[in-house]
């Protein structure tokens, strides 16, 4: 059984812009987000017992790193422009969820939503060696990441949920630029 690939060739096609050149390692999540130690990588179908034989997985220190982005996309676009607001956003949510306060309803979090979304989509695009393949769904995402004047594609809506101390929290990010943290018992 082949293990999950995270390291591409030294020279290849950038998963975001498509340029061919030296590739760099993209940290997922970005450095500065909540601290992540060693993680064990498995295919989701393996975890769901869908047609894959279970493997021992692969250990990756400090989160997952994909060698799939050119230096400009990784360091300038993501690292300098989009990641700082994303890191701040994630860390604010983390501190709220770790607090002993009882969360009621919606908690507004001040952020730069377009930069947060571009960072999130950029890191999702980095996943997968030789993952530049573009089509009608991925081209608007690429264009949105590369061009700050483009609005979030209408086809994108994200809702994240996770449980902490017995409370399920939902984070909604939608094209209408609303960020909210909703807590449900």
Qualifying position, being part of a strand (DSSP E or B) and either more than 15 Å from the chain's Cα centre (by Cα) or modelled with pLDDT under 80 (or both), among 97, 23: 23
Qualifying residues in the stretch 63-82 (those that are in contact with a strand residue (DSSP E or B) (Cβ under 8 Å, 6 or more places away or on another chain) and part of a helix (DSSP H, G or I)) - the one surrounded by the fewest Cβ atoms within 10 Å (Cβ to Cβ): 71
Conditions (1) modelled with pLDDT under 70; (2) exposed (fewer than 15 other Cβ atoms within 10 Å of the Cβ); (3) assigned to a helix (DSSP H, G or I); number of the one not met by residue 46: (2)
Single condition residue 113 does not satisfy, out of (1) surrounded by fewer than 16 Cβ atoms within 10 Å (Cβ to Cβ); (2) modelled with pLDDT of 85 or more; (3) over 23 Å from residue 25 (Cβ atoms): (1)
Selection count where residues are over 14 Å from residue 83 (Cβ atoms) and crowded, with 19+ Cβ neighbours inside 10 Å, scope the stretch 14-41: 3
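A quick yes/no check of all residues on (1) without any contact (Cβ under 8 Å) to a residue 60 or more places away in the chain; (2) surrounded by fewer than 18 Cβ atoms within 10 Å (Cβ to Cβ); (3) in a helix (DSSP H, G or I); (4) touching a strand residue (DSSP E or B) at 6+ places or on another chain (Cβ under 9 Å):
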site	(1), (2), (3), (4)
84	yes, yes, yes, no
87	yes, no, yes, no
101	yes, yes, no, no
120	yes, no, yes, yes
Out of 142, 92, sole residue that is over 21 Å from residue 35 (Cα atoms) and either touching a strand residue (DSSP E or B) at 6+ places or on another chain (Cβ under 9 Å) or assigned to a helix (DSSP H, G or I) (or both): 142
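The values are calculated or read from the model by the stated rules, or taken from the named source; none is laboratory data. On a predicted model such as this, the values are computed, not experimentally measured, just so you know. Don't worry about glycine lacking a Cβ; one is built from the backbone with ideal geometry, like all the others, and counts go over all protein chains shown.
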